[in-house]
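Reviewing the structure listed below.
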Amino acid sequence: MQRVRQRQPQAFDRVLSSMCTEPHPRAHEAAVEFLATNPGDPATYQTVADLETDAVDQLGEIAGLDDAYGYIASGGTEANIQAVHAARNLADGAQTTGGDTPNIVAPTSVHFSVTKAAEMLGVELRTVPVGDDYRADLDAVSAAVNDDTLLVIGVAGSTEYGRVDPIPAMTELAHDADARMHVDASWGGFILPFTDYEWSFADAPIDSMAIDPHKFGQAPVPAGGLLARDRETVDALAVDTPYLETTSQATLTGTRSGAGVAGAVAAMDELWPAGYRQQYHNQQANAEFLAEEFVDRGIDVVEPTLPLVTASLSPATFEALRDEEWRIARTADGDLRIVCMPHVRRASLEAFLADLDRVRS
């Protein structure tokens, strides 16, 4: 019988565009300990259910919400889909429309998971432009919202340029139209508490949020987060599960590994707030270093307001760097995009710049 060759996981030292990172060692240990438990049936798996309550409470503290509702999701995609799902369910029978298709309004910078949500749930996605600062244009949001709008979505740490939308103003527009407000802070949620941005439940009466421990939170994948201001958001997602000990379930995926829950709690216990604060300052410094190095080389750069750098490279240079096995990606406009996640060290950036100089020469 042929023996299966054991494969080793990919190293992170040349991964520069991923929004996931190496988990904290304690989070790794906790994930292994709870790997076989299922928080999708909390009455049976009570220990991991208690941990999930702790996780939601801790996420609420990070996001400025004293009494948080929600759960540990598979990631920002699930959390964003569930926010649209809850808004649609809450509107059914409670909102009179003119017979048009219900819609959600979001900037063009919104994550592609919102497109999935609209397609899956049969709602119209109305995308509005961003301004020169890569943030949602408020006039465009106002023009797009109407009586059939279920939800407005703002981004707090966009995946391409690391920008934060004007969340309080967007929330006001949403609520004036009797729509709900959701914030996608999947990437930014663990760094924005250490900035002056207005993005959280404490800054505006937003209704729900996506915030991912498995990004800057350094939890193992998958460990996303869906937070809600009130219980009715989660209740709107519940379905009967009569063959389980737990007879109702609000999650999208059903059976889940407790690894994500336990790993998220362990990471937050170890790092919140001081560890995350230091991590943010380190990676923001790395982003600013990289941006300055690009400028010194005559390369156009978008100012990194969070630890994410975009720069204009020729397609040939980009592909040559990929050939050097740098894991890099482009924005929709074709710019190089580098995310300074916790695993990105200054030495890696210096090695990348050395390869950049060589391939450009």
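The values are calculated or read from the model by the stated rules, or taken from the named source; none is laboratory data. Owing to the predicted nature of the structure, the values given are computational and were not obtained by experimental measurement. We place every Cβ from the backbone using ideal geometry, glycine too, and count neighbours over all the protein chains shown. For the accessible areas, the whole protein counts, side chains as well, though only heavy atoms, and no ligand, DNA or RNA atoms are used. Shrake-Rupley method; radii C 1.70, N 1.55, O 1.52, S 1.80 Å.
A few remarks follow.
- Percent carbon-and-sulfur accessible area, segment 203-355, ignoring ligands, DNA and RNA, probe 1.4 Å: 46
- When segment 122-279 is described by a simple charge dipole with +1 on each Lys and Arg Cβ and -1 on each Asp and Glu Cβ, the residue from V152, V123, A259 located farthest towards its positive end is A259.
- Working from Cα pairs under 8 Å separated by at least six residues, relative contact order for the chain is 24 percent.
- Accessible surface, per residue, of the chain when the full set of protein chains is kept, probe 1.4 Å, Å²: 45
- Of the complete DSSP H runs in the chain, those spanning 15 angstrom or more by Cα along the long axis with a mean Kyte-Doolittle score not below -1.0 are 46-62, 76-91, 258-271, 346-360.
- Heavy-atom accessible area, probed at 1.4 angstrom with all protein chains present, ranks H85, H214, H175 as H175, H85, H214, highest first.
- Extension gain from D178 to R14, taking 0.36 nm per residue of separation minus the Cα-Cα distance: 54.4 nm
- With eigenvalues of the C-alpha gyration tensor scaled by 5 and rooted, segment 257-361, Å: 30, 16, 12
- As a rough guide to protection, the peptides 77-84, 265-272 ranked by mean Cβ packing within 10 Å, highest first, stand as 77-84, 265-272.
- Here the translational diffusion coefficient of the chain follows from Stokes-Einstein with Rh set to the Kirkwood radius across Cα pairs; for 37 °C and 0.692 mPa s it amounts to 155 µm²/s.
- Global geometry of segment 10-132, whether rounded, prolate or oblate, following the gyration tensor of its Cα atoms and the 1.5 cut on a/c: oblate
- Cα shape, segment 212-284, gyration tensor, a/c 1.5 rule: prolate
- Of the solvent-accessible surface of segment 77-200, computed with a 1.4 Å probe over protein heavy atoms with every protein chain present, carbon and sulfur atoms account for 44 percent.
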